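One structure is given below, encoded as structure tokens.
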Amino acid sequence: MKILFHTLLALLLFLAISHTLPLLAGSFPISPNFPVVFNFGDSNSDTGELSSGLGFRLQPFNGQTYSFNPPSSGRFCNGRLMVDFLMEAIDRPYLRAYLDSISTQTYRRGCNFAAAGSTIQKANAASISPFGFGVQVSQFITFKYKVLQLIQQDEELERYLPSEYYFKNGLYMFDIGQNDLAGAFYSKTLDQVFALIPTILDIFQDGIKRLYVEGARNFWIHNTGPLGCLAQVVSLFGRDKSKLDEFGCVSDHNQAAKLFNLQLRGLLKKLPQQYPDSRFTYVDIFSIKSDLILNHSNYGFDHSIMVCCGTGGPPLNYNNQVHCGSTATLNGTIIIAKPCNDSSKYVNWDGIHYTEAANRFVARHILTGKYSEAT
């Protein structure tokens, strides 16, 4: 029965992937016409939420490639994120983290609720971030209520805060779900992770419903990337070489990502029927990142899975006990995880997150509109 299940699933995934090739029909809703952008997610789009919320500074190598103002970027990357490049494309300031209490930047054109380590499911004691998707949505609702209350008291504040029109006509962006899948593999089999996906998406839909009730109508949703190609996953789950595919990625994790994306895409096709006057855009991040990893040398990258900021050398340059920027003593030897000389030649920054160069690549492909599908 188990073999039959995997066979049927493999066929389903093949048909789903085949159906998306050639690239998804172009649809590109990100434009300067949206008065404001609100973002929800995890470390892929966190611009300082976790570091501000928990009161710590990230290791000094993060943000070193780009001159952020203030210098402490709060980003889990050596420079800019995909969301930063997307904001640049529509001539907007970078999204300020909701919990960033001290900044010269206003919230008038956008606010970012994404926090590293966040999941769609409710955070628990083992969670890295207490700011799960439900909490992020609650933060938005609180933000909206307080902003409109302040503007009602003083209309001059519209120079610094989004008006009610902005909330109704803004773009709501999402990049979350990766940590739900990655975390599940520490305690669950592949079949159990598969079985968990519908529950994860039910919780995601509940958050969408809450935002819709608040007036959100334009939803821009990234699917999840190839988890099995992250150095951290390969180092922990790829010790048995039979678990790896021909590209050196962990097959189980990528299968879970594909099934999650398949069901997410199906959900987004149904939601407009439930929420009138809404628009949903599905963005195929998985295909963009997979293309980059599989064909990295064609795009000017030397390394696809091996990390820039790490230790241990080839093939991964990653040690789960010594993360980027940290120092540890292992077997009497002092080990320091330092960045590489040229991060532009690496897809992966620290074993989990992409480099600024890779984020730029992904953003440029998003901007073509070929990887997005509107419903």
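Within the range 78-108, work out how many residues are assigned to a loop (DSSP other than H, G, I, E, B), out of contact with any strand residue (DSSP E or B) (no Cβ under 7 Å at 6 or more places or on another chain) and either free of Cβ contacts under 8 Å to residues at least 60 places away in the same chain or under 19 Å from residue 170 (Cβ atoms) (or both).
14
I'd like the residue in the range 31-47 that is over 20 Å from the mean Cα position of the chain (by Cα) and at pLDDT 85 or above and, out of all such residues, is farthest from residue 367 (Cα to Cα).
Per the criteria, the residue is 35.
Can you tell me which residues in the range 66-93 are within 19 Å of residue 34 (Cα to Cα), in contact with a Gly (Cβ under 9 Å, 6 or more places away or on another chain) and surrounded by 21 or more Cβ atoms within 10 Å (Cβ to Cβ)?
If the condition is that a residue be within 19 Å of residue 34 (Cα to Cα), in contact with a Gly (Cβ under 9 Å, 6 or more places away or on another chain) and surrounded by 21 or more Cβ atoms within 10 Å (Cβ to Cβ), then 83, 87 are the ones that fit.
Looking at the range 317-354, which of its residues are surrounded by fewer than 21 Cβ atoms within 10 Å (Cβ to Cβ) and either assigned to a loop (DSSP other than H, G, I, E, B) or in contact with a Leu (Cβ under 6 Å, 6 or more places away or on another chain) (or both)?
Of everything in the range 317-354, those that are surrounded by fewer than 21 Cβ atoms within 10 Å (Cβ to Cβ) and either assigned to a loop (DSSP other than H, G, I, E, B) or in contact with a Leu (Cβ under 6 Å, 6 or more places away or on another chain) (or both) turn out to be 320, 321, 323, 325, 326, 331, 332, 340, 341, 342.
The conditions are (1) modelled with pLDDT under 80; (2) assigned to a helix (DSSP H, G or I); (3) more than 25 Å from residue 226 (Cβ to Cβ), and residue 3 fails exactly one of them. Which is it?
The number of the failed condition is (3).
Filter the range 218-260 down to the residues that are touching a residue at least 60 places away in the same chain (Cβ under 8 Å), within 16 Å of residue 284 (Cβ to Cβ) and in a helix (DSSP H, G or I) and list them by number.
229, 257, 258, 259, 260, listed by residue number.
With respect to the numbered conditions (1) within 21 Å of the chain's Cα centre (by Cα); (2) free of Cβ contacts under 8 Å to residues at least 24 places away in the same chain, which one is the sole condition not fulfilled by residue 281?
Among (1) within 21 Å of the chain's Cα centre (by Cα); (2) free of Cβ contacts under 8 Å to residues at least 24 places away in the same chain, residue 281 violates only (2).
Tell me which residues, restricted to the range 305-316, are out of contact with any Gly (no Cβ under 8 Å at 6 or more places or on another chain) and not in a loop (DSSP other than H, G, I, E, B).
Passing the criteria: only 306.
What tally of residues in the range 273-288 results from selecting those that are acidic (Asp, Glu) and buried (at least 18 other Cβ atoms within 10 Å of the Cβ)?
So the answer is 1.
Under 6 Å between Cβ atoms, which residue pairs at least 6 apart in sequence (or on different chains) link something in the range 131-159 that is closer than 28 Å to residue 200 by Cα and of a type in the set (Val, Ile, Thr) with a partner that is modelled with pLDDT of 95 or more and in a helix (DSSP H, G or I)?
Close Cβ pairs satisfying both conditions: 137/207; 137/210.
Can we say residue 291 is among the acidic types (Asp, Glu), outside any loop (DSSP other than H, G, I, E, B) and either touching a residue at least 40 places away in the same chain (Cβ under 8 Å) or surrounded by fewer than 21 Cβ atoms within 10 Å (Cβ to Cβ) (or both)?
yes
When the residues of the range 212-249 are filtered to those that are among the aliphatic types (A, V, I, L, M) and touching a helix residue (DSSP H, G or I) at 6+ places or on another chain (Cβ under 6 Å), which remaining residue is nearest to residue 319 (Cα to Cα)?
The extreme case among them is 233.
Considering only residues of the range 48-58 that are under 20 Å from the mean Cα position of the chain (by Cα) and of a type outside the set (A, V, I, L, M), which is surrounded by the most Cβ atoms within 10 Å (Cβ to Cβ)?
This residue is 49.
Given the conditions (1) surrounded by fewer than 17 Cβ atoms within 10 Å (Cβ to Cβ); (2) at pLDDT 85 or above, and given that residue 110 satisfies all but one, which numbered condition is not satisfied?
Answer for residue 110: the failing condition is (1).
Please go through the range 135-176 and give me each residue that is surrounded by 13 or more Cβ atoms within 10 Å (Cβ to Cβ), over 27 Å from the mean Cα position of the chain (by Cα) and part of a helix (DSSP H, G or I), ordered by number.
148, 150, 151, 157, 158, 164
Each row is one residue, and each column tells you yes or no for (1) at pLDDT below 95; (2) among the basic types (Lys, Arg); (3) closer than 15 Å to residue 313 by Cα.
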| residue | (1), (2), (3) |
| --- | --- |
| 335 | yes, no, yes |
| 346 | no, no, yes |
| 355 | no, no, no |
| 358 | no, no, no |
| 364 | no, yes, no |
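Give the number of residues within the range 339-367 that are more than 19 Å from the chain's Cα centre (by Cα) and touching a residue at least 60 places away in the same chain (Cβ under 8 Å).
Final tally of qualifying residues: 2.
Among the residues of the range 231-249, are any within 19 Å of the chain's Cα centre (by Cα), crowded, with 22+ Cβ neighbours inside 10 Å and not hydrophobic (A, V, I, L, M, F, W, C)?
No, the range 231-249 has no match at all.
Pick from the range 113-129 the residues that are surrounded by fewer than 16 Cβ atoms within 10 Å (Cβ to Cβ) and farther than 21 Å from residue 205 by Cβ: which of them is modelled with the lowest pLDDT?
That would be 125.
The values are calculated or read from the model by the stated rules, or taken from the named source; none is laboratory data. Values in this document were obtained by computation on a predicted structure and should not be read as measured data. For neighbour counting, all protein chains shown are included, and Cβ atoms are generated from backbone atoms with ideal geometry for every residue, glycine included.
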